[in-house]
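The values are calculated or read from the model by the stated rules, or taken from the named source; none is laboratory data. What you are looking at is a predicted structure, and each value in this text was computed from that prediction instead of being measured. Positions of Cβ are backbone-derived with ideal geometry, glycine not excepted, and every protein chain shown enters the neighbour counts. SASA here: full protein model, heavy atoms, side chains in, ligands and nucleic acids out. Shrake-Rupley method; radii C 1.70, N 1.55, O 1.52, S 1.80 Å.
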Amino acid sequence: MKYSGIGGQAVLEGVMMKNKEKYAVAVRKPDGEITVDTKEYYGLIKNKTLRNIPILRGVLSFVESLTLGISTLTYSASFFEEDEEDTKAKKKELSKEVAAKKEKAEMGITVAFSFVLAIGIFMILPYYLSLIFQKFITSHVALALIEGIIRMMIFLAYIASISLMKDIQRVFMYHGAEHKCINCIEHGMELNVENVRKSSRLHKRCGTSFLLFVMIISIIFFAFIDVKSRILKVVLRLLLIPVIAGVSYEFIRLAGKSDNPVVNFLSKPGLWLQRLTTREPDDSMIEVGIASVEAVFDWKKYLSEM
């Protein structure tokens, strides 16, 4: 199987696909029309040599995916505002320059808040909850394992709870459409609704698998942090997050390229978890996924070179 290098994310009533420095957001508008917004994004660091350094490229990819994800989610949500006429009127009052600065500032605040909240819930909270077991367990490694289990339980509970929301269920359906489109191409099939429909909605390079590996690898890393100060332990955990994200990215990247039995076995937990974060899309969602792919990727040329 040849690695296509294309990746994507699900957004509200749509799909974002990225290929190299180009990305596109395809959204199904309330009137049924598919609109596609295509832009270029060169990332936090434009130097290709630095961007290809192992571990560092994973950190950059994580931050850039978060930034693009918030940006494209905001764009897709703009089609479903409750009071569209009032919103348009307000936008007219502002100059394009002021509006752009305001939108950029709001996006930055949202990304920062989301990141801090995620760190608090999935990193710091599990550590302090694990301290309850210090009265009964003295082994540092055992406590690190308990902390990891607590972190995993919080993560799974979060995924399970949001999957009950109808809006999120539709996002998960678009997530499935995204994966099915990529799998269709990477398995050498022509990109059409019929072929996409019969493709798998699970993919080894998925962000869900990435987050799961962040959880698992954090257990290994944190098992080596054995200092007495609780504050210092928390600080070291925070400092290791970029490294953990980088290592997790390297495995996901390898998994996307390899059919090695060991790699496939290690990928299974992430694929299992994707059964919660993806759902089978309908044909209209598949059409949106196809539109986003075709805006950034010449799949016909790719198939001819396989």
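In the set 71, 130, 76, 114, only one residue is touching an Asp or Glu at 6+ places or on another chain (Cβ under 8 Å) and modelled with pLDDT under 85; that residue is 76. Being touching a Leu at 6+ places or on another chain (Cβ under 7 Å) and at positive phi is a condition met by no residue of segment 191-206. Name every residue in segment 160-204 that is under 20 Å from residue 19 (Cβ atoms) and among the β-branched types (Val, Ile, Thr), in order of residue number. Passing the criteria: 182, 185, 196. Number of residues in segment 253-299 that are touching a residue at least 40 places away in the same chain (Cβ under 8 Å), over 28 Å from residue 157 (Cβ atoms) and among the charged types (D, E, K, R) equals 7. Can you confirm whether residue 275 is closer than 30 Å to residue 36 by Cβ, open to solvent by 40 Å² or more (accessible area, probe 1.4 Å), not in a loop (DSSP other than H, G, I, E, B) and not small (Gly, Ala, Ser)? The answer is yes for residue 275. The single condition among (1) closer than 27 Å to residue 154 by Cβ; (2) touching a residue at least 12 places away in the same chain (Cβ under 8 Å); (3) of a type in the set (A, V, I, L, M, F, W, C) that residue 306 does not satisfy is (1). Among the residues of segment 103-111, are any open to solvent by less than 60 Å² (accessible area, probe 1.4 Å) and modelled with pLDDT of 85 or more? Checked segment 103-111: no residue is open to solvent by less than 60 Å² (accessible area, probe 1.4 Å) and modelled with pLDDT of 85 or more.
Checked against (1) open to solvent by less than 50 Å² (accessible area, probe 1.4 Å); (2) at pLDDT 80 or above; (3) touching a Lys or Arg at 6+ places or on another chain (Cβ under 7 Å), residue 34 passes all but condition (1).
May I ask you to verify whether residue 73 is hydrophobic (A, V, I, L, M, F, W, C), touching a strand residue (DSSP E or B) at 6+ places or on another chain (Cβ under 8 Å) and open to solvent by 60 Å² or more (accessible area, probe 1.4 Å)? Criteria met by residue 73.
Here's a check for you: in segment 129-144, which residue that is free of Cβ contacts under 8 Å to residues at least 40 places away in the same chain and not polar (S, T, N, Q) is most open to solvent (accessible area, probe 1.4 Å)? Of everything passing the filter in segment 129-144, 135 is most open to solvent (accessible area, probe 1.4 Å).
Residues in segment 223-260 that are within 25 Å of the chain's Cα centre (by Cα) and of a type outside the set (A, V, I, L, M, F, W, C): 237, 242, 246, 248, 249, 250, 253, 256, 257, 258, 259, 260. Elements of the type helices (runs of 4 or more DSSP H) sitting completely within segment 152-270 and holding at least 3 residues that are at pLDDT 95 or above, of a type outside the set (Lys, Arg) and buried (at least 21 other Cβ atoms within 10 Å of the Cβ): these cover 166-186. Taken together, 290, 225 contain a single residue that is within 28 Å of residue 163 (Cα to Cα), touching a helix residue (DSSP H, G or I) at 6+ places or on another chain (Cβ under 8 Å) and of a type outside the set (Lys, Arg), which is 290. The set of residues in segment 278-306 that are part of a helix (DSSP H, G or I), crowded, with 23+ Cβ neighbours inside 10 Å and of a type in the set (Ser, Thr, Tyr) contains only 292.
Going through (1) over 30 Å from residue 153 (Cβ atoms); (2) at pLDDT below 75; (3) not β-branched (Val, Ile, Thr) one by one, residue 52 falls short only on (2). Right, residue 305: within 30 Å of residue 15 (Cβ to Cβ), of a type in the set (Asp, Glu) and at pLDDT below 90 or not? Here the answer is yes, as residue 305 does meet what is asked.
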